[in-house]
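First comes the structure, then the notes that go with it.
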Amino acid sequence: MSRWGLTIPLTGVPLTAHRELVEQLPDLGYTDAWTAETAGTDAFTPLVLASQWAPRLRLGTAIVPVYTRGPGLLAMQAATVAELAPGRFVLGIGASSPVIVSQWNAAAFEEPFARSRDTLRFLRTALAGEKVSEKYDTFAVSKFRLERPADPPPSIMLAALRPGMLRLAAREADGAITNWLAASDVPRVRSVVGPDVELAARIFVCPTEDAEAARGLGRMLISSYLTVPVYAAFHEWLGRGDALAPMHEAWAAGDRQKANRVIPDSVVDELVIHGSVDSCREQVQAYVDNGLTTPVIALLPTGDDPFEQVRGLAPR
């Protein structure tokens, strides 16, 4: 089955104002609605609403950090949404970033690979309704059992960028979720996870033919995200190390304006889709053509009606 996802909630749109759009998504051709969790809405609440507004949509978190909730609470929240959307909920988990984990949530960002692996293994057992008493490498759980395990338990996907985490996702999760990649990067990621693993990616889409405006917004996003060490290493692996080196140098020197300015147009155009709505839809399709299972559109604001843009970006 070909999938086509949308990130909710849309920027600048109140959560309660999404009902009409979310109800329409399946008839438009969207199969999925996915959330994120940074400093806006939490990842679960919008999906609770969407589970009642659009009973045909698959719902997913991309992603919930493995550090910012205790393992038991994470299992409880996942089981709750899975009960509301039986067989239609995907729990996407990942390490997140030191800023979100440590600076905003007062948790230690330590051993991200091991913590992600251990949380994945705990959730597999807990969401199946089994009692968990286990000492993992990064935490221990004693005598935890869900009072309301969902039937069926939700799928679990793992946020992954480089080969180690991608292989873990392929081996132990139900798929891999990636972010900030170009359509031309998909084959490289696919070669690591293998041909049969679900591969999802959030794709930033700015439907405007004002290329300079789109690139200006894209540069701000790229300098904010790709200076995070894990993303810097990801793009080094993808082959953009030299192209992004001037950005990293300016950012390290504290010159954020220069960091934005020195990002090449070619990099922005690879990582942030822009152009007419029809062109943007075709560019999203290029990811699928290159091996992506689940594109998840993240609509960037342009000043135009975002609901009309979502309708226009629906698959053909």
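The values are calculated or read from the model by the stated rules, or taken from the named source; none is laboratory data. No experiment lies behind these values; they were computed from the predicted model shown. A quick note on method: Cβ atoms are made from the backbone with ideal geometry, for glycine too, and the neighbour counts reach across all protein chains shown. Ligands, DNA and RNA are excluded from the accessible area calculation, which covers all protein heavy atoms including side chains. Shrake-Rupley method; radii C 1.70, N 1.55, O 1.52, S 1.80 Å.
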#### Entry: Number of the exception - Val99 against (1) over 24 Å from Lys143 (Cα atoms); (2) exposed (fewer than 15 other Cβ atoms within 10 Å of the Cβ); (3) at pLDDT 95 or above
(3)
### Query
Would you say Ala54 is touching a Pro at 6+ places or on another chain (Cβ under 8 Å), open to solvent by less than 10 Å² (accessible area, probe 1.4 Å) and either of a type in the set (Asp, Glu) or closer than 19 Å to Phe122 by Cα (or both)?
no
### Query
Within the range 72-92, how many residues are over 16 Å from Asp151 (Cα atoms) and open to solvent by less than 30 Å² (accessible area, probe 1.4 Å)?
3
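Would you check if there is a residue in the range 300-314 being open to solvent by 40 Å² or more (accessible area, probe 1.4 Å), more than 27 Å from Glu20 (Cα to Cα), without any contact (Cβ under 8 Å) to a residue 40 or more places away in the chain and not aromatic (Phe, Trp, Tyr)? Steps first, please.
The initial filter retains those residues of the range 300-314 that are open to solvent by 40 Å² or more (accessible area, probe 1.4 Å), namely 301-305, 308, 311.
Now drop any that are not more than 27 Å from Glu20 (Cα to Cα), which leaves none.
No, there is no match, as no residue in the range 300-314 is open to solvent by 40 Å² or more (accessible area, probe 1.4 Å), more than 27 Å from Glu20 (Cα to Cα), without any contact (Cβ under 8 Å) to a residue 40 or more places away in the chain and not aromatic (Phe, Trp, Tyr).
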### Message
Condition (residue is under 20 Å from the mean Cα position of the chain (by Cα), surrounded by fewer than 23 Cβ atoms within 10 Å (Cβ to Cβ), touching a residue at least 60 places away in the same chain (Cβ under 8 Å) and over 28 Å from Glu134 (Cβ atoms)) applied to the range 38-51: is it met by at least one residue?
### Response
yes
### Query
Within the range 128-139, is there a residue that is at pLDDT 95 or above, of a type in the set (Lys, Arg) and touching a Ser or Thr at 6+ places or on another chain (Cβ under 8 Å)?
no
### Task
Looking for whichever is in contact with a Pro (Cβ under 9 Å, 6 or more places away or on another chain) and open to solvent by 30 Å² or more (accessible area, probe 1.4 Å) here; the options are Pro195, Pro187, Pro152. Which one fits?
Pro152
### Query
Going through the range 144-193 one residue at a time, which ones are more than 15 Å from Tyr231 (Cβ to Cβ) and among the aromatic types (Phe, Trp, Tyr)?
Phe144
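Restricting the search to the range 10-24, which residues are closer than 19 Å to Pro55 by Cβ and free of Cβ contacts under 8 Å to residues at least 40 places away in the same chain? Walk me through how you get there before you give the answer.
At the first step, the residues of the range 10-24 found to be closer than 19 Å to Pro55 by Cβ are 15-16, 18-24.
Leu15, Thr16, His18, Arg19, Val22, Glu23 - these are the residues of the range 10-24 that are closer than 19 Å to Pro55 by Cβ and free of Cβ contacts under 8 Å to residues at least 40 places away in the same chain.
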### Task
Look through Gly60, Gly12 and report the one residue that is farther than 19 Å from Leu146 by Cβ and buried (at least 23 other Cβ atoms within 10 Å of the Cβ).
Gly60
#### Entry: Number of the exception - Leu226 against (1) exposed (fewer than 13 other Cβ atoms within 10 Å of the Cβ); (2) under 25 Å from Gly291 (Cα atoms)
(1)
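Just to confirm my filter: which helices (runs of 4 or more DSSP H) fall fully inside the range 224-301 and include at least 3 residues that are basic (Lys, Arg)? Talk me through it step by step, then tell me what you get.
Working: elements: 229-238, 241-252, 256-261, 265-271, 277-289.
Counting at least 3 such residues, we get 256-261.
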### Query
Of all residues in the range 284-297, which are in contact with a Lys or Arg (Cβ under 7 Å, 6 or more places away or on another chain) and buried (at least 22 other Cβ atoms within 10 Å of the Cβ)?
Thr294, Val296
